[in-house]
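Single-structure report; data block below.
Coordinate-derived values only; no laboratory data. For clarity, every value in this text was computed on a predicted model and none was experimentally measured. Reconstructed Cβ throughout: ideal geometry from the backbone, glycine too, with neighbour counts over all protein chains shown.
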Amino acid sequence: MITNISPLLLKFVREIGILFQSSEKELPREDSRVKKTYLIHDIVWMGFAFLVCLGGLKLGFGSFHQPHAGFMPFLSGLTLGLLALADLISGVVNHWKHEKADKEIWADIHWGKLFLTLALLFAYTILFNTLGFLLATIPLLFFLYRLMEPRPWWGVVIASLVTTGLFYLGFKVGLDSQLPRGFLGF
């Protein structure tokens, strides 16, 4: 087992060392800058995850049967750290071949849809307590489903009703959460 991990670990350390070398023989300038950017992002996310884990431990982890306040923050930080580590390892092993430049990432964004989605979510938070969970969530999901990709109206209505119903069952019935009833009482 250790013999299988050793070559991968050596390759990982070698790649990290290459990224921080100043010589331009091994990597082109643009490629090196992009790789350093992704490396720094992953390290920052791992650092943030570490701080979240520390905060969770400070609040008290408890046990799986009786979790304390720090249980979820600790697990969230652990998940975030593992995902950042997996992204870092994947990038080093694949030499960040499939990563896009910033211009490519921002080129395909539909800004109108983005701002309309933000406006819908803002309106949802304002109307959530007044209308209640059901009356606020069904139209929100209807417009979001219709906005993301035009589909037949009947499919969007069914998807909105089913999704809201499942969330209602999960939170109200399953978890006994207190969802706002709204002015109509449901």
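Listed values, structure above:
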item: Calculated FRET value between LEU184 and LEU161, using beta carbons and R₀ = 22 Å, to 0.05; result: 0.85
item: For GLY62, residues with placed amide H under 5 Å, excluding near neighbours; result: HIS68
item: Alpha-carbon centroid distance for the pair region 137-186 / region 106-133, whole angstrom; result: 15
item: Karplus-derived HN-Hα couplings along region 134-147 (A = 6.51, B = -1.76, C = 1.60, θ = phi - 60°), whole Hz, x at Gly and Pro; result: 5, 6, 8, 6, 4, x, 4, 5, 4, 5, 5, 5, 6, 6
item: MET72-LEU121 pseudo-label distance in nm [points 7 Å out on the Cα-to-Cβ vector]; result: 1.8
